[in-house]
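Data first, discussion second: the structure below is written as structure tokens.
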Amino acid sequence: MFLRGAESHTRSFLKAVSWRTLGTLDTFGISWFITGRVAIAGSIAGLEVVTKVAWYYLHERVWAVVPFGRRT
């Protein structure tokens, strides 16, 4: 499925990666604080980075074709 919009697929992907880097660091810190174990925190952060990059990329591509709120 290819969705066309104002941004390239590469730009959407790089935005997703940069945002997830920050989000994953946050998840790791919270997980480490709650569990007290680096290994568990790393496992949680590792899993969520994969799933959330994919979801964010899809989210960006869908919104790229939605005209609502855009100025011409």
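Given bins 5 angstrom wide, list per bin the percent of all Cα-Cα distances in the chain, short to long.
Taking all Cα pairs of the chain, the binned fractions are 3, 17, 22, 16, 14, 10, 8, 6, 3, 1, 0 percent.
Which distance in nm do the two modelled labels at Thr35 and Arg71 give, with both placed 7 Å along the Cα-to-Cβ direction?
Each label point is offset 7 Å from its Cα along the Cβ direction, giving 4.6 nm.
Per residue, what accessible area does the chain have, given a 1.4 Å probe and all protein chains present, in Å²?
With the other protein chains kept in place, the chain gives 78 Å² per residue.
Which value in nm describes the separation of the simple spin-label points at Trp55 and His9, placed 7 Å from the Cα toward the beta carbon?
Taking the two extended label points, one gets 2.3 nm.
I'd like the carbon and sulfur percentage of the solvent accessible area for the chain, probe radius 1.4 Å, heavy atoms only, ligands and nucleic acids excluded.
71
The values are calculated or read from the model by the stated rules, or taken from the named source; none is laboratory data. Just so it is clear, the structure is predicted and the values come from calculations on it, not from any experiment. Note that each Cβ is placed from the backbone with ideal geometry, even for glycine, and that neighbours are counted across all protein chains shown. Just so you know, the surface numbers come from the protein's heavy atoms only, side chains and all, with ligands and any DNA or RNA stripped out. Shrake-Rupley method; radii C 1.70, N 1.55, O 1.52, S 1.80 Å.
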